[in-house]
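A quick write-up on the structure given underneath.
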Amino acid sequence: YAIESGVNSYMIHTEDISLDTYKRISLDRDLFKAINEKQFELKFQPIVDPERNMVSGAEALIRWNHPDWGLLSPDEFLKIAENNGLISDIDNWVLEEVCRNIDLWRRQKVPLVPVAVNRSAKSFLQYDTLEKMFAPMRTYNIDPSFIHFELTESSLVENYDRVAEVIEHLKEKGCQISLDDFGTGFSSLFHLKEFPVNTLKIDRTFIGSLLEEPENMAITNAIIQMAKDLNLKVTAEGVEEPHTLRWLQERGCDYIQGYIYSKPVSVENMRKMFAKRILKPVYAGGSQAVEN
Ligand code: C2E
Ligand code: MG
Ligand code: MG
Ligand code: MG
């Protein structure tokens, strides 16, 4: 049993390598045709203002419908895409698809709210990143204020001047910037002062076990307070339980994203949520919830 790979094809015996390695090699190879063969799809997860239970935004999250391996989550293929250079093509596809959907929703007369798009450091630092970010907004006539870019802290450390330039430009045009997975990266509080981001998204490793672990509580409390003092918005990711929701609300956390409101859903279900605007928290059994 053998697979072919690259210019110099070679044999790989599955007995000699682990399934993990085999899967990684095959995903690496298959990624090159995934865009053209329309194997990617987007899910959307609502971001909710807990004071009014109002949908105030959504985050676009990519999935890969692989013909052999089934539905793959981004954690299974984005690292590979960063290594083989396809990540910018993928991130650009996602933004294009988001703009196309916002235009669609607009024509279906649903009240629009901003959509957040993740952008990996590699794509963000491409020489043509600004052109690539604005082209789809122009094509679909989307006001930049409807696009929020989510960057991780590691995006900020690589090339200071360039990052500052790109962020300035995005903000000038009206896009917003969120710092994703806040608290887990190579962060320096210095960045919060130097880069004018709009929102901090507290990583779900702090939120998931918030009430069981006093350290997570202290850290989350401090991030919320700091965000307030710096005039930034703050979003908690991965909220699953009613007690956690209440605790965050009492401390004035601006936005909630998590299974307690909704798992990531299809374009069509997202449209319904936008149309309704009100979304009630429901404890659906936490991580067992499935996407639809
Ligand atoms: P992220 O940007 O931090 O997105 C939040 C992740 O947390 C999503 O995982 C979401 O499904 C999950 N999540 C939200 N609420 C809950 C909850 O209550 N409980 C649990 N257990 N999980 C929750 P997902 O969709 O698997 O995405 C993982 C990561 O992949 C994202 O983390 C983001 O870093 C990356 N990603 C996703 N789409 C893209 C993309 O288009 N481009 C890039 N560069 N990265 C992407
Ligand atoms: Mg994100
Ligand atoms: Mg995150
Ligand atoms: Mg994450």
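The values are calculated or read from the model by the stated rules, or taken from the named source; none is laboratory data. The shown structure was predicted, so the numbers you read here are calculated from the model rather than taken from an experiment. For neighbour counting, all protein chains shown are included, and Cβ atoms are generated from backbone atoms with ideal geometry for every residue, glycine included. Only protein heavy atoms, including side chains, enter the accessible area calculation; ligands, DNA and RNA are left aside. Shrake-Rupley method; radii C 1.70, N 1.55, O 1.52, S 1.80 Å.
Taking all protein chains as they are arranged and a probe of 1.4 Å, the heavy atoms of Trp93 leave approximately 60 Å² accessible to solvent.
With an 8 Å Cα cut-off and a minimum separation of 6 or more residues, compute the relative contact order for the stretch 137-234 in percent.
On the way: 111 pairs, mean separation 23.5, N = 98.
Relative contact order here is 24 percent.
Grab the other residues whose beta carbon is less than 12 angstrom from that of Asn159, score K and R as +1, D and E as -1, and report the net. It would help to have the intermediate numbers written out before the result.
Details: positive: Lys122, Arg162; negative: Glu158, Asp161, Glu165.
That works out to -1.
The stretch 219-252 and the stretch 83-125 have their alpha-carbon centroids 26 Å apart. Close amide H partners of Leu72, meaning residues 5 or more places away or on another chain with modelled amide H under 5 Å apart, are Trp64, Asn65, His66. Each principal axis of the Cα cloud of the chain was evaluated for its coordinate range; sorted largest first, these ranges are 59, 43, 41 Å.
Which entries in Lys201/Lys280; Lys43/Lys276; Lys173/Lys233; Lys122/Lys201; Lys193/Lys280; Lys171/Lys233 show an alpha-carbon gap greater than 27 Å? Exceeds cut-off: Lys193/Lys280.
One compactness figure for the stretch 37-135 is 1.18, namely its Cα radius of gyration divided by 2.2 N^0.38 Å.
Here the chain is assigned +1 on the Cβ of each Lys and Arg and -1 on the Cβ of each Asp and Glu. Its dipole about the Cα centre then comes out at about 1360 debye.
Just subtract the alpha-carbon distance of Trp69 and Glu250 from 0.36 nm times their residue separation and send over the number in nm, one decimal.
Values: separation 181, 0.36 × 181 = 65.16 nm, distance 4.32 nm.
Full extension from Trp69 to Glu250 adds 60.8 nm.
Helix 129-139 axis versus longest C-alpha principal axis of the chain: approximately 80°, rounded to the nearest ten.
By definition, a body whose alpha carbon gyration tensor gives a ≥ b ≥ c is oblate when a/c is 1.5 or more and a/b is not larger than b/c, and the stretch 132-213 fits this oblate description. Volume of the convex hull of the stretch 193-233 (Cα atoms only), normalised per residue: 69 Å³. Length available on full extension from Arg162 to Leu112: 0.36 nm per residue minus the Cα-Cα distance, which gives 14.9 nm. Ranking His191, His169 by solvent-accessible area of protein heavy atoms (1.4 Å probe, all protein chains present), from largest to smallest, gives His169, His191.
Annotation: amide H-H contacts under 5 Å for Asn159 (H modelled 1.01 Å from N, sequence separation of 5 or more, or interchain): none.
Backbone phi angles across the stretch 29-39, fed through the Karplus curve with coefficients 6.51, -1.76 and 1.60 (θ = phi - 60°), yield HN-Hα couplings of 5, 6, 4, 4, 10, 5, 5, 4, 8, 6, 8 Hz in residue order; Gly and Pro are listed as x.
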